[in-house]
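One structure is given here, and the rest of the page talks about it.
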Amino acid sequence: ARVVNGDDPAIERAEGKRAAKEETVEKLFAQYLDSGIGKRKPRTLEFYDSLGRLYLLPTLGSIPVAKVTARDVSELHRSLRAKPVTANRVGRLVRSFFYWLAKLDVVTGKNPAKDTDWFPEHGRERFLTVAEMAKLGQALRAAETAGLPPAPQHKKKPGKKRKRNAGMFASEIQPANPVAVAALRFLIFTGWREQEALTLRWSDVNLATGAVTLAATKTGQSVRALSAPARELLAAQDRVDGSQFVFPGRNPTKPLREMQRLWYAVRAAAKLEGVRLHDLRHSVASFAGGRGYSLFLISKLLGHKDQRSTARYAHLADDVRQTMADDVGEVIRDALAIRTTAKGGTPTVRPIRSA
């Protein structure tokens, strides 16, 4: 009947096969990222793009999406087992990508990443002690005054010319960028996420009330209270003409790009190898918990949308409750060990000494 009406099913099938070959993972993944503009945060899309370029496209990029199998995804996931967190993120990105394809009716059937057996992930918590914080402060002061040598992993390998002129580089160490130093100090005081600090705008800050309103964070809009040291740091920060950012980069129209190199140098000088920049956030929570503040208040301090993200710090509240219980128990035990006598209506207290 279709042939009688002038259609040619054979040509349609041939065009369908040709289109299926052209609809590769690489081609449609670019469209997937493009579809997220305006719906996802720019840094999220940058992260997805990075995972795609490094892991997804080199392995599955040339395969037509209709022919990607659960085995393909499983092998990709397993090949990254040395990096279990990265492996799981790549697998979940593939799953999200194929759900998007299914919504567009580009693919049918079961999502090839749906039943991927994810690697276990172990959350890492590292809290700086008071002594470690003191070492960090000392290293930071050295960085902004005399300067610090770069961390071992960031030292430039000397070439032939550099070896011949080694004596010329004796004075290479210089004081660190004061903007980066201020940004790092701000992170230490607040426990904010790195990008929240680096992209902070003066229009978000109200020094009179000590509050900051962040329009777009990982968890949406967030209102943060600033400590007195953080407010003093911002008040002392110079405002750069033509820049809306509290911590501007070399190009004042853009924020400071990163502070990792400074962090690694300071960390090495303080002998705190293995401590991550994000561990400063955990440390703020640790100090807050140690002072007896509730998980609800800690969640507001750190900008968590709900207390489930703060639940990892539950043991801090437990420690405070334990300390309180010990203190109360000591008071009661001492009270039980007291013998009272009354003389003239005025009680006197004499503790009973243990044998």
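The values are calculated or read from the model by the stated rules, or taken from the named source; none is laboratory data. Just so it is clear, the structure is predicted and the values come from calculations on it, not from any experiment. Ideal geometry is used to build each Cβ from the backbone, glycine not excepted, and the neighbour counts take in all protein chains shown. Surface areas here come from the heavy atoms of the whole protein model, side chains and all, with no ligands, DNA or RNA. Shrake-Rupley method; radii C 1.70, N 1.55, O 1.52, S 1.80 Å.
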Problem set entry | For LEU207, residues with placed amide H under 5 Å, excluding near neighbours | none
For this session: Starting from the amide H of THR24, placed 1.01 Å from N in the peptide plane, find each other amide H under 5 Å away whose residue is 5 or more places distant or on another chain.
Result: VAL65
Problem set entry | Label-point separation, ARG81 to VAL223 (7 Å along Cα→Cβ), nm | 5.1
Exercise. Which ³J(HN,Hα) values in Hz, rounded to whole numbers, follow from the phi angles of the stretch 134-147 under the Karplus curve 6.51 cos²θ - 1.76 cosθ + 1.60, where θ = phi - 60° and Gly and Pro get x?
Worked result: 5, 4, 5, x, 5, 5, 5, 5, 5, 5, 8, 9, 8, x
Seminar exercise, completed: Under 5 Å from the placed amide H of ALA151, counting only residues 5+ away or on other chains, we find ALA265
Exercise. Roughly how many percent of the accessible protein surface of the stretch 198-248 is carbon and sulfur, given a 1.4 Å probe and a whole-percent answer?
Worked result: 48
Exercise. For GLN195 and LEU336, what does the FRET efficiency come to when R0 = 35 Å and r is the distance between their Cβ atoms, rounded to the nearest 0.05?
Worked result: 0.05
Seminar exercise, completed: Whole-Hz Karplus couplings 3J(HN,Hα) for the stretch 205-216, θ = phi - 60° and coefficients 6.51, -1.76, 1.60, Gly and Pro as x, run 9, 10, 5, 5, 9, x, 10, 10, 10, 9, 6, 9
Exercise. Suppose R0 equals 41 Å; then what is the FRET efficiency for ASP326 and THR59 from their Cβ-Cβ distance, rounded to the nearest 0.05?
Worked result: 0.15
For this session: Read phi for every residue in the stretch 52-62 and hand back ³J(HN,Hα) as whole Hz from Karplus 6.51 cos²θ - 1.76 cosθ + 1.60, θ = phi - 60°, with x for Gly and Pro.
Result: x, 5, 7, 10, 6, 5, x, 9, 10, x, 8
